[in-house]
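Read the figures in this text as sums done on the coordinates, not as results from a lab. Everything numeric here is computed off the predicted structure, so don't read it as measured data. In this analysis, Cβ positions are derived from the backbone assuming ideal geometry, glycine residues included, and neighbour counts consider all displayed protein chains.
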Amino acid sequence: MGMTPQLTWDIGTAYDLFTSLNVVHNPARYGLRGSWAAGVRSRLPAEQREFLQEAVEHDYFWATPWLASQSGPKDGDSVLKKLAAIPVERRLQELASHHMSQPFQDLLFRVAEQGTWDAEDKNLLRDLYQKMYKEEKGKTKKVVDEELNEKLNLWANAAAYSEKLLTALQVYYDVFFKEEEARIGQPLELRVADAKELAEKLPLPALLNELSQGLRFEYDQMEEMEELVMIPSFWTTPLSLFIPFSEDKKRWLFLFGGRPNDVSLVPGEVVPELLYQMLKALADPTRLRILRYLSEEPLTPAELARRLRLRPPTVIHHLDALRLARLVHVTLSVNGRRYEARHEAINTVCTMLEGFLAGETFT
């Protein structure tokens, strides 16, 4: 990493307004109890529930980079009013312009303006996706016609879609998130205060590793970074987001875990969530073998698969569980991922277990 970038601290419960939608629709990925997530979704009227399910499933909207670029209050109510103030025919474009690459914008924004698309547009969109997969994954991927049709139809009706989106977000806020917002505000503020103290003591790579509870980054693009926007998220803990969100790649965004170890995502849980996740991860013999290998040296999923004589998807499933339990370090680079054991997490689980058995109260 070159010159240390300027750190800009941003805080707002609206980040969790958007990220919580992904969590309640993909509870297993975040270690959230599926029945509780289903209960949250059931509070929505059928029309909005089905709309948000489809929007999240197909990744039809993503507001985090847009929100990071905004000024002013970032509580849920203020941000929804800001969205409502954007002309309906420009709302979806405004959201997408902060994360969508220029070739996609050129195509999809034109489709939105025309209100229609043709076979040439479909072929161009297919080519763009295939090029993106090739650049990001190093391999080609077949793009299904149905997915292309859905995407183009959405943008051909962008104004109507953006109005449905705003309505669904407002309903979700009113029936669930407004109540949740009151619970998570103080923990987020405390997390930022602690993170700022760490930033005074640690070099940037160590700071990112500490705040993400296990991630290390090796990207050449980071050499161009001039500003890093630091954002805590209560709902996505411990998973993090680290991306450039300016065209020149000088501004980056780091969304990191904002939920304390002794606080559970589900209110009123008796057993601390982190303790449960750690013990569950350690109770599997394959994961114990993985941790033993990773204690000896860093390894890629493919290398672990060969040692364990398991299929790579099976190994990745176990590694995801270990990452969620904060039991591994993950080094991310253009060459893929490398894992190693995070020994400090073993001390954490032992301390938490002793405290729980001694009758300590967790929230």
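Take W9, W155, W117 and order them by how many other Cβ atoms sit within 10 Å, fewest up front.
Taking fewest neighbouring Cβ atoms as first place, the list is W9, W117, W155.
Mean projection of the alpha-carbon convex hull of the chain over all orientations, in nm²?
Computed as one quarter of the Cα hull surface, the answer is 19.0 nm².
If you fit an axis through the alpha-carbon atoms of helix 13-25 and take the longest principal axis of the Cα set of the chain, what angle between them do you get, 0 to 90°, nearest 10?
80
So, in nm, how far is label E227 from label E94 when the simple model puts each one 7 Å beyond its Cα toward the Cβ?
Taking the two extended label points, one gets 1.9 nm.
How fast does the stretch 114-206 diffuse by Stokes-Einstein, in µm²/s, taking the Kirkwood radius from C-alpha pairs at 37 °C and 0.692 mPa s?
The Stokes-Einstein estimate is 183 µm²/s.
What is the spread of the Cα atoms of the stretch 273-357 along each of their three principal axes, largest first, in whole Å?
41, 24, 21
Give me Rg over Rh for the stretch 116-156, both radii from the alpha carbons and Rh done the Kirkwood way, two decimal places.
Dividing the radius of gyration by the Kirkwood radius yields 1.01.
With contacts defined as alpha carbon pairs under 8 Å and 6 or more residues apart, what's the relative contact order of the stretch 190-330 in percent?
Relative contact order, the stretch 190-330: 22 percent.
Could you pull out the pairs from K74/K249; K142/K249; K74/K134; K74/K141; K141/K249; K82/K196 whose alpha carbons sit more than 31 Å apart here?
Beyond 31 Å: K74/K134; K74/K141.
Compute the acute angle (0 to 90°) between the alpha-carbon long axis of helix 312-324 and the principal axis of greatest extent of the alpha-carbon atoms of the chain; round to the nearest 10°.
Between helix and principal axis, roughly 70 degrees.
Over the Cα atoms of the stretch 173-221, what is the Rg over Rh ratio if Rh follows Kirkwood?
With Rh from the inverse mean 1/r over Cα pairs, Rg/Rh is 1.17.
Could you give the nm distance between label points at L202 and R309, where each point is 7 Å from its Cα heading toward the beta carbon?
4.0
Just to confirm the number: angle between the C-alpha axis of helix 46-57 and the first principal axis of the chain, 0 to 90 degrees, nearest 10?
The angle comes out near 70 degrees.
Would you please name the trypsin sites (Lys or Arg not before Pro) within the stretch 120-211 that are DSSP coil residues with at most 16 other C-beta atoms within 10 Å of their C-beta?
Answer in residue order: K139, K141, K142.
Rounded to the nearest 20 Debye, what is the dipole magnitude of the chain about its Cα centre when Lys and Arg each give +1 and Asp and Glu each give -1 at the C-beta?
For the chain, the charge dipole is close to 1160 debye.
With point charges of +1 on the Cβ of Lys and Arg and -1 on the Cβ of Asp and Glu, referenced to the Cα centre of the stretch 116-156, which listed residue (L124, N153, V143) lies farthest in the positive direction of the dipole?
Working it through, the farthest residue towards the positive pole turns out to be V143.
Contact order normalised by length for the chain, with contacts defined as Cα pairs under 8 Å and 6 or more residues apart; what percent is it?
Computed value for the chain: 19 percent relative contact order.
What nm value, rounded to one decimal, do you get for the distance between K81 and E269 when each label is placed 7 Å out toward the C-beta?
Distance between the two pseudo-spin positions: 3.4 nm.
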